[in-house]
Amino acid sequence: MRRKIRLMLACAAMFLFPLTFNYLSPYVSIDGAMAGLVSGSLLVFALQFLSGIFLGRAWCAWACPVAGIAEIGRGVNDRRVNIKKLAAVRYAIFGVWFAALVGAFVLAGGIRGLDPLHLTEKIVSIDEPAKFVTYYFVLIALLALTFAVGRRGACHAICWMAPFLTAGELVGRALRVPQLKIRSEAEKCVSCGLCTKSCPMSIDVETEIKSGRVKSLACIRCGACADCCPKRILRFACGEAKDNVIYGKSVY
Ligand code: SF4
Ligand code: SF4
Ligand code: SF4
């Protein structure tokens, strides 16, 4: 049931992508910054950061338009990927983009205002045929990358939003905010490996849960591991603040 709801939400987000495209665009942020404006996409990135404090990367499983694309990609190439290597690529790309963003604001003389509808005056992002060219180019690029790299390849390799979610999660851990996470009763595990096999983010769940919870910053709280566990020993939980001390230390 949970899986069905998640897939339905991911598909709905994917079909709404022509509407939301600009609000998630790294280009629109830079364009706004060049005029000293905080655009809609930058506001969304800020909200993602805030959501990360409490929900980690749940956005990635339940609300992101790319989640639907990633699920389609799994039908073609479902190979598990090397999270660390791809994260290095992603952070290198993010670093360049972030530096360009800051540089654009500096050249514009700082932040001069808010413009949530920057480049999206009609509220709908893809509002004329010419813009569909850009839209389909991005869709094809995301799909091609996922086909080429494997499970959620585009998410691991190039996503410009994940660092905001991850930063929020790290801040939440540092502040010891109770966060949504996957907990386990590790002593009842029979090491069948199904959780690791099912994880869309290629996390070694079987090893992670030995500490009592999934600690990986790649976890998107999709619940696939909990749904497939034959012993039903994985579950969503909102950790108490004292957990986050241990939780945080084991990751930094
Ligand atoms: S990693 Fe990025 S593209 Fe992938 S689901 Fe998360 S926010 Fe969306
Ligand atoms: S560890 Fe579980 S909840 Fe986290 S991404 Fe993997 S399958 Fe989803
Ligand atoms: S699916 Fe459940 S029983 Fe199997 S390895 Fe994972 S946690 Fe252990």
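Counting only protein heavy atoms, what percent of the accessible surface of the chain is carbon or sulfur at a 1.4 Å probe?
Summing carbon and sulfur atoms, their accessible area is 72 percent of the total for the chain.
Once you charge only the Cβ atoms, +1 for Lys and Arg and -1 for Asp and Glu, what is the size of the charge dipole of the chain about its Cα centre, to the nearest 20 debye?
1080
Collect residues whose amide H, placed 1.01 Å from N in the peptide plane, falls under 5 Å from the amide H of Leu114; neighbours closer than 5 in sequence don't count.
Val38
Taking the highest mean first, how do the peptides 52-64, 104-116, 7-19 order by number of other beta carbon atoms within 10 angstrom per residue?
Put in order of decreasing packing, that is 52-64, 7-19, 104-116.
Within the set of other residues whose C-beta is less than 14 Å from the C-beta of Thr120, count the net charge using Lys and Arg as +1 and Asp and Glu as -1.
So the environment of Thr120 carries a net charge of -3.
With a probe of 1.4 Å, find how much accessible area the chain has per residue, and write the answer as a whole number in Å².
48
Return the whole-Å distance between the Cα centroid of the range 130-155 and the Cα centroid of the range 69-125.
13
Within the chain, what is the longest stretch that has no GluC sites (Glu not before Pro) placed in a DSSP loop and near at most 12 other beta-carbon atoms within 10 Å?
That gives 1-120 as the longest site-free run.
Given Cα pairs under 8 Å that are at least 6 residues apart, what percent is the relative contact order of the chain?
27
Taking the Cα atoms only, what angle lies between the long axis of helix 65-74 and the longest principal axis of the chain, rounded to 10 degrees?
On a 0 to 90 degree scale, this one is about 50.
Lysines within cross-link reach of Lys84: Cα-Cα under 30 Å, excluding same-chain residues under 8 positions apart?
Qualifying lysines at Cα under 30 Å: Lys4, Lys181, Lys188, Lys197, Lys210, Lys215, Lys231, Lys242, Lys249.
Once phi is turned into θ = phi - 60°, what whole-Hz ³J(HN,Hα) does the Karplus curve with 6.51, -1.76 and 1.60 give for every residue of the range 175-182, x standing for Gly and Pro?
Karplus-based 3J(HN,Hα) across the range 175-182 equals 7, 6, 7, x, 10, 5, 8, 9 Hz.
Which one of Leu145, Val81, Phe21 has its Cα pushed farthest toward the positive end of the charge dipole of the chain, where Lys and Arg give +1 and Asp and Glu give -1 at the Cβ?
The Cα lying farthest towards the positive end belongs to Val81.
Could you name the lysines whose alpha carbon sits less than 27 Å from that of Lys131, not counting residues in the same chain fewer than 8 places away?
Partners within reach: Lys122.
The values are calculated or read from the model by the stated rules, or taken from the named source; none is laboratory data. This one's a predicted model, so the numbers in the text were calculated from it and none came from an experiment. When we count neighbours, we look across all protein chains shown, and the Cβ atoms used for this are built from the backbone with ideal geometry, even at glycine. We work out accessible area using only protein heavy atoms, side chains counted, and drop any ligands, DNA or RNA first. Shrake-Rupley method; radii C 1.70, N 1.55, O 1.52, S 1.80 Å.
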